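First the structure, in the form of structure tokens, and then the observations on it.
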Amino acid sequence: MASAPIPPDELAALQSVAEAFELPAPVARIEPLGNGNVNATYRVHLVGAEQGGCVLQRLNTAVFHQPRLVMANIDAVAAHVERRLANGNPDPAGRPWRMPAVLRQRGSGEPWLERDGQFWRMITFLEATRSVEAIEGPEQAREIRAGLGLFHALIHDLPAEQLADTLEGFHITPAYLEQYRRVLAESRVERCGRCSEAIAFVAEREQRAGVLEEARSAGRLQLRPIHGDPKINNLLLCERSGQAVALIDLDTVKPGLVHYDIGDCLRSACNPAGEETTNLEAVHFDLDLAEAVLQGYLGVARGFLTPADLEAIPDAIALLPFELGLRFLTDHLAGDVYFRTERPGHNLDRALVQFRLADSVERQRAAIEALVDRL
Ligand code: GN1
Ligand code: MG
């Protein structure tokens, strides 16, 4: 999605917000950054630091009701990772892992700024890194997944109860299903043929929505700290070596099942068409990419996963694209109130992409199970 230029009055306001933080140099220029579906994100270039600079974000407080707790979680994770790295790198390949630093507000020293009812935070931009919207090859797939594996390896021993639940119901598929049913019953959005197809797709799969939560209730799976949103464009690759060096967008770091992360990363990494495509024919779950991704992940994370964790991976791979499709479809039926959209029907298009992907996963279920066994 190409971003429109920022209007001058908005730019002046952004500059004033940016200057409220302890910046190491004056602001040179501000531009929109990335394609986040929830928060608004800007790159703040600083005088004399064209490559580095900072990232300014306005948190969507309609989604994150307790932004201070979000920042406390980020602080807790950053401090834990720093301690872990100081005691040696857990990565056998020695990737030089980095975390963005949170800047403080001038004067108060708080890691955020509240102004006119809006909540802002500033972090450092990790220079000489890049992210991708769709995987460019198996080598990159391995790096993406190794990045998540390393992140999990670094945070798995942070006691989950030290993190606040900042987004209740996040990745609880049965809860999304309930919300969907409520919205569906009340929705006044006109239903085209594609929308009806999407609704039928959900109806056929409703019974499977609880597969991970049931395993958790039965004690087979346990809560751990998770990232929550490890889609591939949140993983930063070193511009020079191509190695994974950071996982950003830490708002959704909280207690959860690592399976949400594994499933989310795979649904995002193994769909070569990317989640914003409108060419449904191009959407599929690529098993070769999945193999590279899982190999990369397990190479780093195997040490802390139990046999039950491994066994539930195919369920996670099947569930997460269905769940995200359900969330997009619900938002379409609710009139686009949660995810940022660029056009009417955008959320329906996104839902259909995820359902196509879920369908492709289902068709390859046996091969996916065999793959997980083999690895
Ligand atoms: C949202 O904001 P962004 O783009 O990183 C969403 C994720 C979805 C993702 C799909 C808090 O993430 O759960 O997987 O869109 N984040 C939240 O692109 O709902
Ligand atoms: Mg996010």
Open item on the list: With the requirement that a residue be among the hydrophobic types (A, V, I, L, M, F, W, C) and either surrounded by fewer than 22 Cβ atoms within 10 Å (Cβ to Cβ) or within 15 Å of ligand 1 (Cβ to nearest atom) (or both), what does segment 252-281 give you?
Closed with: VAL253, LEU257, ILE262, CYS265, LEU266, ALA269, CYS270, ALA273, LEU280
- [ ] Check off (1) within 16 Å of ligand 2 (Cβ to nearest atom); (2) touching a residue at least 40 places away in the same chain (Cβ under 8 Å) for ASP229 and give me the number that stays unchecked.
- [x] (2)
TODO: Working only within segment 296-346, note down all residues that are aliphatic (A, V, I, L, M), surrounded by fewer than 23 Cβ atoms within 10 Å (Cβ to Cβ), more than 16 Å from ligand 1 (Cβ to nearest atom) and outside any helix (DSSP H, G or I).
DONE: LEU305
Open item on the list: For segment 260-270, check the following and say yes or no: at least one residue is of a type in the set (Ser, Thr, Tyr) and within 19 Å of the chain's Cα centre (by Cα).
Closed with: yes
Open item on the list: Filter segment 282-295 down to the residues that are open to solvent by 10 Å² or more (accessible area, probe 1.4 Å) and farther than 22 Å from GLY242 by Cβ and list them by number.
Closed with: ALA282, HIS284, LEU287
Open item on the list: Just to be sure before I move on: is ASP249 within 19 Å of PHE125 (Cβ to Cβ), within 16 Å of ligand 1 (Cβ to nearest atom) and open to solvent by 40 Å² or more (accessible area, probe 1.4 Å) in the structure I sent?
Closed with: yes
Open item on the list: Conditions first: (1) buried (at least 21 other Cβ atoms within 10 Å of the Cβ); (2) more than 20 Å from the chain's Cα centre (by Cα). ALA218 passes all but one, so which condition is the exception?
Closed with: (1)
- [ ] Starting from segment 109-136, keep only residues that are over 30 Å from CYS270 (Cβ atoms), then list their pairs with residues that are open to solvent by 70 Å² or more (accessible area, probe 1.4 Å) and part of a loop (DSSP other than H, G, I, E, B) whose Cβ atoms are within a distance under 7 Å, requiring at least 6 positions of separation or different chains.
- [x] GLU110/ARG104; PRO111/ARG104
Open item on the list: It is to be established whether one or more residues within segment 258-269 are of a type in the set (Gly, Ala, Ser), in contact (Cβ under 8 Å) with a residue 24 or more places away in the chain and in contact with an Asp or Glu (Cβ under 7 Å, 6 or more places away or on another chain).
Closed with: yes
Task: The listed residue being in contact with a Ser or Thr (Cβ under 9 Å, 6 or more places away or on another chain) and either more than 16 Å from ligand 2 (Cβ to nearest atom) or more than 27 Å from LEU56 (Cα to Cα) (or both), out of VAL300, VAL245, VAL258, VAL293 - done: VAL245
Task: Residue identified as modelled with pLDDT of 95 or more and farther than 14 Å from LEU333 by Cα among ALA185, ALA203 - done: ALA203
- [ ] For residues that are open to solvent by less than 40 Å² (accessible area, probe 1.4 Å) and away from ligand 2 (no atom under 16 Å from the Cβ), tally how many sit in segment 26-49.
- [x] 7
- [ ] Quick one: GLY52 ticks every box in (1) away from ligand 2 (no atom under 16 Å from the Cβ); (2) open to solvent by less than 20 Å² (accessible area, probe 1.4 Å); (3) modelled with pLDDT of 95 or more except a single one, so which number is it?
- [x] (3)
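The values are calculated or read from the model by the stated rules, or taken from the named source; none is laboratory data. Since the model is a prediction, treat every value here as computed from it, not as a measurement. Counting neighbours? That spans all protein chains shown, and the Cβs are built from the backbone with ideal geometry, glycine included. For the accessible areas, the whole protein counts, side chains as well, though only heavy atoms, and no ligand, DNA or RNA atoms are used. Shrake-Rupley method; radii C 1.70, N 1.55, O 1.52, S 1.80 Å.
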